[in-house]
């Protein structure tokens, strides 16, 4: 070995060794690293999830907007708890909406078989009626929950027994429910009896009655202000605002004697002079605004009076309407 070659050898051995990568064998396939394989798998899964969710979203939209009621669509709606809309944070399920709609259609169909003269509302009217009922029930449930009111299964069972007694037997009640609605007795209890009893319970409590009376008095004050303003005739205001059968006659109650009316009303009416109008008078029927039209006297004392009135009731429909105005209702299902 030459000197130059020896120097080269010494110099080379002092440098860090560098391994030359060997050529892969043509018989051994290349494998991606573990990290790259995991990222790739996650990407594929994420893509599949996005596709599935997009498909479910599209199908959900088609079901709700087109009122699809085929078995496949309804099974999907039940599995994913597809909503037809919301009342505040309470979901109204699409399946419940369809079940109620089918029941109402079944009811009119069964009724028409018994009496061909009966005319069923249009599909759009039926959809609106069902939706409105579900919204009112959701509002009632929310109000009841906030005020610690509830209806138990015992309550619904007892009410169902009353229905069975009225129809002659439990079998007769079950037959009527099946023929009229296509429901079982359990479904009828949940969808009809429970909301009915809940409404009764809500509107029979002292707190609710006080709230309804307060709202009714406010409305009566507003009507009284219009009466005093004098821009509109009393009879026209009665036709527009009064909540009893006399409204169509402009509030005209005809002639009456003092003892034929409840005492608060009678006392106020007979204290007026013909042409005068009372302030608000509260009775067991609601809030009255009374106008004395004529009066007959006997031996110098009022004997009969002819009066008109405007009656503002503390009614449940108005209370529900007020609760509805305070609620956020999102309607997804198409009801036109």
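Please tell me if residue 228 is assigned to a helix (DSSP H, G or I) and either in contact with a helix residue (DSSP H, G or I) (Cβ under 7 Å, 6 or more places away or on another chain) or assigned by TED's automatic domain parsing to the domain that holds residue 111 (or both). Against the criterion (assigned to a helix (DSSP H, G or I) and either in contact with a helix residue (DSSP H, G or I) (Cβ under 7 Å, 6 or more places away or on another chain) or assigned by TED's automatic domain parsing to the domain that holds residue 111 (or both)), residue 228 does not qualify. Just one of the numbered conditions (1) closer than 28 Å to residue 317 by Cα; (2) in a helix (DSSP H, G or I); (3) over 30 Å from the mean Cα position of the chain (by Cα) is not true of residue 253: (2).
So which of 173, 110 ends up being over 23 Å from residue 76 (Cα atoms), over 18 Å from the mean Cα position of the chain (by Cα) and crowded, with 19+ Cβ neighbours inside 10 Å? Outline the logic, then answer.
Working: 110 fails: crowded, with 19+ Cβ neighbours inside 10 Å.
Checking each option against the conditions leaves just 173.
Just a yes or no: is a residue in region 92-106 modelled with pLDDT of 85 or more and more than 21 Å from the chain's Cα centre (by Cα)?
At the first step, the residues of region 92-106 found to be modelled with pLDDT of 85 or more are 92-106.
From what is left, the residues that are more than 21 Å from the chain's Cα centre (by Cα) are 106.
Yes: region 92-106 contains one or more residues that are modelled with pLDDT of 85 or more and more than 21 Å from the chain's Cα centre (by Cα).
Within region 140-161, the residues that satisfy the criterion of being farther than 17 Å from residue 186 by Cβ and surrounded by fewer than 12 Cβ atoms within 10 Å (Cβ to Cβ) are 145, 146, 148.
Could you please find all residues in region 280-292 being in contact with a helix residue (DSSP H, G or I) (Cβ under 7 Å, 6 or more places away or on another chain) and under 17 Å from residue 221 (Cα atoms)? Matches in region 280-292: 280, 281, 282, 283, 286, 287, 288, 289, 290, 291.
With the condition kept exactly as written, say whether any residue in region 271-279 is assigned to a loop (DSSP other than H, G, I, E, B), buried (at least 17 other Cβ atoms within 10 Å of the Cβ) and in contact with a strand residue (DSSP E or B) (Cβ under 6 Å, 6 or more places away or on another chain).
Pass one, region 271-279, residues assigned to a loop (DSSP other than H, G, I, E, B): 272-276.
Going one step further and asking which of them are buried (at least 17 other Cβ atoms within 10 Å of the Cβ), we end up with 272.
Next cut, in contact with a strand residue (DSSP E or B) (Cβ under 6 Å, 6 or more places away or on another chain) only: 272.
Checking region 271-279: at least one residue is assigned to a loop (DSSP other than H, G, I, E, B), buried (at least 17 other Cβ atoms within 10 Å of the Cβ) and in contact with a strand residue (DSSP E or B) (Cβ under 6 Å, 6 or more places away or on another chain).
Taking the criterion of being surrounded by 17 or more Cβ atoms within 10 Å (Cβ to Cβ) and closer than 22 Å to residue 209 by Cβ, the only residue of region 245-267 that qualifies is 265. Tell me yes or no: at least one residue of region 293-301 is part of a helix (DSSP H, G or I), at pLDDT below 95 and outside the structural domain of residue 97 (by TED's automatic domain parsing). Looking through region 293-301, none of the residues is part of a helix (DSSP H, G or I), at pLDDT below 95 and outside the structural domain of residue 97 (by TED's automatic domain parsing).
Within region 206-244, being buried (at least 16 other Cβ atoms within 10 Å of the Cβ) and without any contact (Cβ under 8 Å) to a residue 24 or more places away in the chain holds for 226, 239. So, in region 47-79, how many residues would count as being over 26 Å from residue 123 (Cα atoms) and at pLDDT 80 or above? Of the residues in region 47-79, 1 are over 26 Å from residue 123 (Cα atoms) and at pLDDT 80 or above.
Per this entry, residue 307 is counted among residues that are assigned to a strand (DSSP E or B) and surrounded by 13 or more Cβ atoms within 10 Å (Cβ to Cβ).
Among the candidates 333, 329, the residue that is buried (at least 20 other Cβ atoms within 10 Å of the Cβ), at negative phi and not assigned by TED's automatic domain parsing to the domain that holds residue 237 is uniquely 333.
Each residue in region 191-210 was checked for being out of contact with any helix residue (DSSP H, G or I) (no Cβ under 7 Å at 6 or more places or on another chain) and closer than 20 Å to residue 284 by Cβ, and 7 pass.
The values are calculated or read from the model by the stated rules, or taken from the named source; none is laboratory data. Just so we're clear, the structure is a prediction, and the values are computed from it rather than from any experiment. Cβ atoms come from the backbone with ideal geometry, glycine included; neighbour counts cover every protein chain shown.
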